[in-house]
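What follows is a set of notes on a single structure, which appears directly below.
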Amino acid sequence: MEVILLQDVKSLGKKGQIVKINDGYARNYVLPKKLGLEANAKNLNDLKLEKARQAKHEAEELAAAKELAVKVEAQPVKVTIKTGEGGRTFGAVSSKEISVAAKEQLGLDIDKKKMKLEESIKTLGTYEVPVKLHKDVTAKLRVVVGESK
């Protein structure tokens with residue numbers, strides 16, 4: 001019997017896959033626990049429509065992420081840090097501070113968890129911080145670190 005999986009099943013496959021399993025296993029386990037549906041014409045058509053809707057949704061998300069990437073790369077974000085004698089800095093600039101500065105200065109709501117700081121920013125200067133906006137889109141946010149007065 002062919003079954004369309006509604007959920008990931010460890011020994012069978014992932015959600016949305018069409019798998020061939022024994023009739024008894026399907027009738028006694030998969031179908032009663034609502035882990036899958038019988039692969040008839042109506043259910044196959046529903047699966048096809050669902051996959052098309054999902055592909056359209058993913059394409060819209062990708063387009064929105066690319067649009068946001070252009071905005072992120074367009075302007076730098078200015079962040080200040082306390083400095084002492086000789087330009088030595090106190091503390092470091094965190095992704096949270098960069099996120100807050102981006103919201104205030106550029107009006108962009110960027111999650112701090114999406115910023116990939118390899119090491120904390122502890123000196124003055126200009127840095128490029130990669131921001132993962134989508135699984136396929138990574139933007140470079142320019143961060144200018146200056147001293148606070």
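So, in the range 102-125, of the ones that are touching a residue at least 24 places away in the same chain (Cβ under 8 Å) and more than 21 Å from the chain's Cα centre (by Cα), which residue ends up surrounded by the most Cβ atoms within 10 Å (Cβ to Cβ)?
In this case the residue turns out to be ILE121.
Any residue at all in the range 87-104 that's closer than 30 Å to ALA59 by Cβ and assigned to a loop (DSSP other than H, G, I, E, B)?
No - not one qualifying residue is present in the range 87-104.
Across the range 131-149, what is the total count of residues that are closer than 14 Å to ALA69 by Cβ and assigned to a strand (DSSP E or B)?
Count: 10.
Of the residues that make up the range 37-47, is at least one at negative phi, part of a helix (DSSP H, G or I), in the same structural domain as PRO130 (by TED's automatic domain parsing) and not hydroxyl-bearing (Ser, Thr, Tyr)?
Among the residues of the range 37-47, not one is at negative phi, part of a helix (DSSP H, G or I), in the same structural domain as PRO130 (by TED's automatic domain parsing) and not hydroxyl-bearing (Ser, Thr, Tyr), which makes the answer no.
Being among the charged types (D, E, K, R), under 30 Å from LYS122 (Cα atoms) and surrounded by 13 or more Cβ atoms within 10 Å (Cβ to Cβ) narrows it down to one residue among GLU73, GLU85; which is it?
Step by step, each of GLU73, GLU85 is checked, and only GLU73 is among the charged types (D, E, K, R), under 30 Å from LYS122 (Cα atoms) and surrounded by 13 or more Cβ atoms within 10 Å (Cβ to Cβ).
Here are the criteria: (1) in contact with a strand residue (DSSP E or B) (Cβ under 7 Å, 6 or more places away or on another chain); (2) loosely packed, with under 13 Cβ neighbours inside 10 Å; (3) charged (D, E, K, R); (4) not in a strand (DSSP E or B). Tell me which single one GLU128 does not satisfy.
Single failed check for GLU128: (4).
The values are calculated or read from the model by the stated rules, or taken from the named source; none is laboratory data. Keep in mind the model is a prediction, meaning the values are calculated, not measured. So basically every Cβ, Gly included, is an ideal-geometry build from the backbone, and we count neighbours across all protein chains shown.
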